[in-house]
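Computed from the coordinates by the stated procedures, all read-outs in this text should not be read as laboratory data. Since the structure is predicted, the reported quantities are computational estimates derived from the model, not experimental observations. With ideal geometry, Cβ positions are generated from the backbone for all residues, glycine too; neighbour counts draw on all protein chains shown.
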Amino acid sequence: MKNDREFSPQHLAYLRGVRNKSILVNVARISILFVFLLLWELSARQAWVNPFITSSPSRICKAIADLHRNGTLFHHVGTTLKETLIGFAIAVGLGYSVALALWWSEALRRILEPYLVVLNALPKIALGPLIIIWCGTGSEAIVFMTVLIGLIVAIMNMLSGFMATDENKLLLLKSMGASKLQILTKLVIPSSLPNFISMLKINVGMAWIGSIMGEYIVSKAGIGYLIVYGGQVFKLDLVMSAVFILCMLAAIMYAFVALLERLVIKNR
């Protein structure tokens, strides 16, 4: 690490300002969350709102503790997490590969582009009955739904990144006799890294939407199952607990993608 003497006073003041601003932002985030939870709990305890309908942080904690006590918490969380991660990985990998193929072949891209637009606009929940018939009532149907929701998003985001490659750099490589494969590996893929990270961030949300949507349609375990079951028997504390767990898992998964982004930027 460089010594402070190597920086000018102006630069050190700038770094302190950036650090202080970052600390202020983090403190503000935590404060907003703390105040929100405090007001929510106070409103429920003082009966300003009906706690049966809105639940409360303490009731959510009790519901999660009950799930842990009866041994089902990690079973439900693990089921949804496994389905989400598998669907996410397949959607990202397959979407990236298809986008590469579409960039490689202009004819193929022009043929398939209208179908991609239509499939992206199609409400995937409408395919629920067909997915059950095709994949059965197990985890395969939920993973398929997750892939279906994230795949088109991955293809369109990555294709957009590939097509946005600097034309001047493309012409330079072509003038130097570079092959299409060399252009792809030396220019197109490296320049599309920001789009790749952006696609991962978007697909984190898409993956959780797909898995929960799939569990709404057909599931015997998982966070989506808890939400559906809790709503059917009017255990709204269970519903809110499942939603809270879902938010935490999605935030953790997004944090890993953000960490990957920092590592990519640092090593570029």
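In the chain, with Lys and Arg counted as +1 and Asp and Glu as -1 at Cβ, which of these residues, Gln232, Tyr115, Thr54, has the Cα nearest the positive end of the dipole, that is, farthest along it?
Farthest along the dipole direction, towards plus: Thr54.
Tell me, what is the FRET efficiency for Glu167 and Ser31 to the nearest 0.05, using R0 = 45 angstrom and their Cβ-Cβ distance as r?
For R0 = 45 Å, the calculated efficiency reads 0.40.
Around Lys180, under 12 Å between beta carbons, what's the net of Lys plus Arg minus Asp minus Glu among the other residues?
+1
Would you mind calculating the gained length between Ser160 and His11 on full extension (0.36 nm times residue separation, minus the Cα-Cα distance), in nm to one decimal?
Here the segment from Ser160 to His11 would lengthen by 49.9 nm.
Which residues in region 173-195 have a backbone N closer than 14 Å to a point placed 7 Å from the Cα of Leu108 along the Cα-to-Cβ line?
The answer is 181.
Using +1 at the Cβ of each Lys and Arg and -1 at the Cβ of each Asp and Glu in the chain, identify which of Ala258, Ile23, Val218 lies farthest towards the dipole's positive end.
Ile23
For region 4-49, divide the Cα radius of gyration by the Kirkwood radius and give the resulting Rg/Rh value with two decimals.
1.44
Give a residue-ordered list of calculated ³J(HN,Hα) values for region 34-45 (Karplus: 6.51 cos²θ - 1.76 cosθ + 1.60, θ = phi - 60°; whole Hz; x for Gly, Pro).
So the Karplus estimates, Gly and Pro as x, are 4, 5, 4, 5, 5, 5, 4, 5, 5, 4, 5, 5 Hz.
So, R0 is 22 Å and r is the distance between the beta-carbons of Ala255 and Cys61; what FRET efficiency does that work out to, to 0.05?
After rounding, the FRET efficiency stands at 0.50.
Convex hull over the alpha-carbon atoms of the chain: what's its volume per residue in Å³?
Enclosed volume per residue, from the Cα hull, is 200 Å³.
Alpha carbon centre of region 51-76 versus region 145-209: separation in Å?
42 Å
Through the Karplus equation 6.51 cos²θ - 1.76 cosθ + 1.60, θ set to phi - 60°, convert the phi angles of region 168-179 into ³J(HN,Hα) values in whole Hz; use x for Gly and Pro.
5, 5, 4, 5, 4, 5, 5, 5, 8, x, 5, 6
Using the basic label-point model (7 angstrom from Cα toward the beta carbon), what is the Ala178 to Leu193 distance in nanometres?
Spacing of the two 7 Å Cα→Cβ label points: 1.5 nm.
Give the angle, between 0 and 90 degrees and rounded to the nearest 10, that separates the Cα long axis of helix 236-267 from the longest principal axis of the Cα atoms of the chain.
The angle comes out near 20 degrees.
Pop out the ³J(HN,Hα) list for region 126-139 in order, Karplus 6.51 cos²θ - 1.76 cosθ + 1.60 with θ = phi - 60°, rounded to Hz; leave Gly and Pro as x.
Karplus-based 3J(HN,Hα) across region 126-139 equals 5, 8, x, x, 5, 4, 5, 5, 6, 10, x, 10, x, 5 Hz.
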